[in-house]
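To start, the structure itself, in structure tokens.
Every read-out reported here was derived from the displayed coordinates using simple, explicitly stated rules and does not represent laboratory data. Note that the structure is predicted; figures quoted are calculated from it, not measured. Methodologically, a virtual Cβ is constructed for each residue, glycine included, from the backbone with ideal geometry; neighbour enumeration extends over all protein chains shown.
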Amino acid sequence: MDIHTFDAATHDILAILPEYDMPLARLRAILQAGQIPTVTVIGKYNHGKSRLLNELIGNDIFSVADKRETVNLSEHLQHNIRWLDAPGLDADVAAIDDQYAQDAMWNKADIRLMIHSVREGEFDPFELQLFQQFEQDTEQTQRQSILVLTQIDQIPDQTVLAHIIDSIQKQASAATILPVSATRHRQGIENSKQLLVQRSGIPELQQKLSNMIDKVPTVRQFEKSKIFADLNKQLSQQLETTETNIQQLNNTLQQQRQAFEQDLNQILDKVRQDLQPILHISGLDDSLEPDSFANMYKLTAGKRDRNRIQVAYSRACIEINSHLVRYGVVGLPDTQKSNVRSLDTVMVAVLGISVKLRKDLKLIFEDESGRERLRREFAHYFELSTDRMHLKQQLQDLQQQLQRIMQAQQASKTLEQTS
Ligand SMILES: Nc1nc2c(ncn2[C@@H]2O[C@H](COP(=O)(O)OP(=O)(O)O)[C@@H](O)[C@H]2O)c(=O)[nH]1
Ligand SMILES: [Mg+2]
């Protein structure tokens, strides 16, 4: 798999599980490393990291100095192993250096050599914490680390040296500790003094390293399986949760709609019931009696009847409106608003503002077609009401989330098949 495909897949997964940036960066490093194992030295400035690497490689590749030297990651390929010299880790380390160091120890390293100079005595709190993080990581990923105590030649008194190693061993509990001296090793090599070479601890470290390197393919396999197992589990859980949420929201939406319709029906039935005395009269329909110029200021039977009709109409409207208010169906959607605020209500939009004739009242509230229109139009505005729109937006968001999770699952599958 090429790195672009990898990064695209990673992007899809991180959209759902941002906390997987570290494991995915590790996967990426494994992919990029190919068959070659990576050994990284980690520790504070001037503890002898670069010099130790040179001894292990048998070549003065990495620059050795008494001041802060390694400002970024330098790597060297030798004996089919990638050797990484990370910047010194100190509390006041520059951000960019630290980033390199983090990348080296958490992403790139198959094997971590934690370096500590016996000249400094025990671990300081910072080193101790780092060491414990490695231990924890090893427990989870099986990635291998080893603790190398450097510059043992600097403590000539064997009792003192033994004491220092002992107290570090206490801090590091069960960890394997390898004490070494780079200078001793170099002297031994240059002067062909086999005993000095042996006493440098470097051959033992090399032996140990070689065993660890043999295990790298198995460990990587374990790391990958674990990452994918965790990842797929997380994604399945997310998928399940999102599906449940969608289901629940759908139910809520459906229940709300049903409740709205049922209540509206009840109200419409009641309104029709209440209107019966005024809809069905015996004798003349006074409301049809026209107004004339002559009785403009008189209260005629026609006017009185039309008033009664208007009042009955208003009452019906009030009943229906209280139902709408209960369901939050009040204002018109923005696109339908006029500039007369008092008229921008669902009631006015559906029912108008006045009814004076008996036949209109009947048409609106009694005839089945009228009632059907009311149901249809109120349902229409119900769907456009703020709360309802909000819920539907939520549903849409969840459905998109579901798509993204499925995309992440697909991405994970792609990665898994090709990693
Ligand atoms: N005596 C002695 N000095 C060492 C040893 N290893 C490193 N040094 C010196 O310690 C200083 C820091 O070494 P270096 O490898 O640059 O440390 P780094 O900053 O951890 O990479 C240099 O002066 C090295 O020559 C050792 O085993 N014995
Ligand atoms: Mg260095």
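Using θ = phi - 60° in the Karplus curve 6.51 cos²θ - 1.76 cosθ + 1.60, the 3J(HN,Hα) couplings for region 249-260 round to 5, 4, 4, 4, 4, 5, 5, 4, 4, 4, 4, 4 Hz; x is entered for Gly and Pro. For the pair A294 and L279, label points projected 7 Å from Cα toward Cβ lie 3.6 nm apart. Put the Cα centre of region 235-268 next to the Cα centre of region 105-184 and the gap is 60 Å.
For region 107-123, 3J(HN,Hα) computed residue by residue from phi via the Karplus equation (6.51, -1.76, 1.60; θ = phi - 60°) reads 9, 7, 6, 8, 10, 10, 9, 8, 9, 9, 8, 5, 4, 8, x, 6, 4 Hz, glycine and proline entered as x. Rounded to the nearest Hz, the phi-derived 3J(HN,Hα) couplings of region 389-400 under the Karplus curve 6.51 cos²θ - 1.76 cosθ + 1.60 (θ = phi - 60°) are 4, 4, 4, 5, 5, 4, 4, 4, 4, 5, 5, 5, where x marks glycine and proline. Beta bridges assigned by DSSP with both partners in region 35-200 are antiparallel in approximately 20 percent of cases. A Förster radius of 60 Å, combined with the Cβ-Cβ distance separating I165 from Q396, puts the computed FRET efficiency at roughly 0.40.
I'd like the Kirkwood hydrodynamic radius of the chain, using the inverse of the mean 1/r over distinct C-alpha pairs, in Å. The Cα-based Kirkwood calculation yields 28.8 Å. Using alpha carbons only, how many degrees (0 to 90, rounded to 10) separate the axis of helix 3-16 from the longest principal axis of the chain? So the helix axis and the longest Cα principal axis differ by about 50 degrees. Among the chymotrypsin sites (Phe, Trp or Tyr not before Pro) in region 258-303, those placed in a DSSP loop whose Cβ has at most 13 other Cβ atoms within 10 Å are F293, Y297. Applying Stokes-Einstein at 37 °C and 0.692 mPa s to the Kirkwood radius of region 35-200, computed over alpha-carbon pairs, gives a translational diffusion coefficient of 202 µm² s⁻¹.
Just need log10 I(q)/I(0) for region 4-68 at q = 0.15, 0.24 Å⁻¹, Debye formula, equal scatterers on the alpha-carbon atoms, no solvent, rounded to two decimals. For region 4-68, the Cα-only Debye profile gives -0.69, -0.96. With the Kirkwood sum run over all distinct C-alpha pairs, region 340-395 has a hydrodynamic radius of 12.9 Å. For the residue pairs K49/K108; K44/K170; K337/K362; K170/K193, alpha carbon separations beyond 22 Å are given by K337/K362; K170/K193.
Loop-located trypsin sites (Lys or Arg not before Pro) in region 164-245 (DSSP state not H, G, I, E or B) with no more than 15 neighbouring Cβ atoms inside 10 Å: K193.
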